[in-house]
1. Looking at ASP54, ASP106, which is the one that is charged (D, E, K, R), touching a strand residue (DSSP E or B) at 6+ places or on another chain (Cβ under 6 Å), at pLDDT 50 or above and part of a loop (DSSP other than H, G, I, E, B)?
2. Looking only at residues that are assigned to a loop (DSSP other than H, G, I, E, B) and in contact with a strand residue (DSSP E or B) (Cβ under 9 Å, 6 or more places away or on another chain) in the range 432-445, which one is surrounded by the fewest Cβ atoms within 10 Å (Cβ to Cβ)?
3. Which of the residues spanning the range 446-461 are of a type in the set (Gly, Ala, Ser) and open to solvent by less than 20 Å² (accessible area, probe 1.4 Å)?
4. Would you check if LYS533 is closer than 27 Å to ILE176 by Cβ and not hydroxyl-bearing (Ser, Thr, Tyr)?
5. So which residues in the range 514-549 are in a helix (DSSP H, G or I), under 19 Å from GLU395 (Cβ atoms) and open to solvent by less than 20 Å² (accessible area, probe 1.4 Å), if there are any at all?
6. Output the residue which, of all residues in the range 391-431 that are over 25 Å from the mean Cα position of the chain (by Cα) and of a type in the set (A, V, I, L, M), is most open to solvent (accessible area, probe 1.4 Å).
7. Which members of the range 88-103 meet the condition of being touching a helix residue (DSSP H, G or I) at 6+ places or on another chain (Cβ under 6 Å) and open to solvent by less than 30 Å² (accessible area, probe 1.4 Å)?
8. Kindly indicate whether any position in the range 166-184 is hydroxyl-bearing (Ser, Thr, Tyr), closer than 27 Å to GLU466 by Cβ, open to solvent by 20 Å² or more (accessible area, probe 1.4 Å) and assigned to a loop (DSSP other than H, G, I, E, B).
Amino acid sequence: MLTQTNMSEIHKWMLAAILICGSTTMLNSCTDKDDTPVPVTPESQNGENKKITDGNYDKSLAVKCINGTFVGKKTDNVITYKGIPFVGQQPVGNLRWKAPVDVAADNGVYEAYYNAKASCQSEEVISYQGEDCLYLNVWKAEDASAEKKPVMVYIHGGAWAVGGTGVELFDCTNFIKENPDVIVVTVAYRLGILGFLHLSHLSDGKDYPDAQNLGLLDQKMALKWVHENIAGFGGDPDNVTIWGESAGGASVTMLPLISGAQQYFKKVIAQSGAPSQTRSSEEAIACTNDVMKVLGCKTVADLMKIDAKTLVEAAGAVLTLRMFPERDDRVLPLEPHEAYANGAAKNIDFLQGCNKDEMNYFVASMGVEDFKTWAADRKTKKYAGLPSEEKALVESFCNEGAVEDWEPDSRLFSQSWFIAPCVRMSENQTKAGGKSYTYYYRVEASAPILKAAHGEELPIVFCHPEMTDIDVTFCKTMRKMWVQFAKTGNPSLSADISPDGKAKEWPLYDLGEKNVMVLDEFDIHPARESEVKIVDWNKSYFLTKYYML
């Protein structure tokens, strides 16, 4: 079993690297020589945007929105607007654990020069943080085009506990330089104990009915702001694609299931994320009770007296990789997979996929021994209750082809957390009559253990060549397919727009052939799922019914 001491070490690594640092280069850059995590946000880009009262600003960089006029900064031909609030009041004081407040009309003029604070989290990951965190960033090209541009709204990952719009990886300057015909928005949301804490079972918790899914409601509010204001930036509010990876990828598969959200977007790009990344109300209540014990609290009133840093530290001690959105039958349905199969999002087009060796990133970032300890504890708590025949199937699957002693557990959690849920999403969306373009990423990193690990594609899709050594043409092609999907709803590339001059026809997933696009570094090609064997339909696919085992 995990002790408090070794759990804190695993917690440190989880928060410092997993799901924020998306490549071998990033993994190395997230730690210093003594393995202490260091912030990944450039401090010079952070700060407080002030109100401009003297009329001294560049009018060509100003955009009038409902809640103010925001003035950006220009670098080369890219204009960036950072730290724009998408709520009328920040969730501080009495608004802690309350649903986001919509914006009000404002005729003021404000700087949009600096990244706003990230949601409260481990300070070892991001130091510039606070409860006043609901802001977004916008990137657009400077051009004279009168045509409204497709909009890509990115939601970051971070195990629902860390991350932010100011992380260097998510700077979209290079992306827009290469793809000036789209606009990119990155949004923040409340994380961890401030974004996903069940409170309604407490004696004074009835006034906090949304606390368990506030992070998702924040995202919905951000999308509402984009819908109502993006035209001023040159964007098309009727051609919005929501896009995310890991927890962000899961977020964009949950948003179509939230009442009223679908009016704000038409397409979804989900990288290594699915609605399996949720928990039941019983699991959520158990998490709350555990952290209440650590804090010595009995009521919401007790919790309200505690500062955010102490709350985050307490949650880190007992809730690492236990904080997820809740299937509460209020914000999210009790069975999200079934909702998709029944056509809840059949009019939304999907591009979704997974990486071949997802969990290897956790192994590399935690270290082999700590990963084995964590996996053993997780299996004891989560797999012990499975029927004996299912446990036998899982054991058989884990040991197929394993060489290293950490590989069985890495294979298991790769499948149950990321790969099988992704395939089930494609199955259900297709079954309901919707469209899913599905990919399987197999480009392997050169570093030990990682291979095609979780997040390895992030520097590629965000156009950070300094963070990856993958073939340049492959990287450009992958980005072009993402952009083409955002523009048209189909990621296929004709020869005239394909970076290598060769057409890339991406077939829709179907229930017969189960076609996917295989992303190999020097051979992007379509294939039947049976050829590449993404999931084991008998030994691992059934695990999706248990959500986050």
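1. ASP106
2. Residue satisfying both the conditions and the ranking: ARG442.
3. Hits for the range 446-461 are ALA452, ALA453, GLY455.
4. On the way: closer than 27 Å to ILE176 by Cβ: no; not hydroxyl-bearing (Ser, Thr, Tyr): yes.
The answer is no for LYS533.
5. LEU543, THR544
6. Filtering the range 391-431 for residues that are over 25 Å from the mean Cα position of the chain (by Cα) and of a type in the set (A, V, I, L, M), the one most open to solvent (accessible area, probe 1.4 Å) comes out as VAL403.
7. Passing the criteria: TRP97, PRO100.
8. no
The values are calculated or read from the model by the stated rules, or taken from the named source; none is laboratory data. Predicted model, so just to flag it, every value in this text is computed and none were measured. Positions of Cβ are backbone-derived with ideal geometry, glycine not excepted, and every protein chain shown enters the neighbour counts. When the accessible area is computed, the model is the full protein with side chains, heavy atoms only, and any ligands, DNA or RNA have been set aside. Shrake-Rupley method; radii C 1.70, N 1.55, O 1.52, S 1.80 Å.
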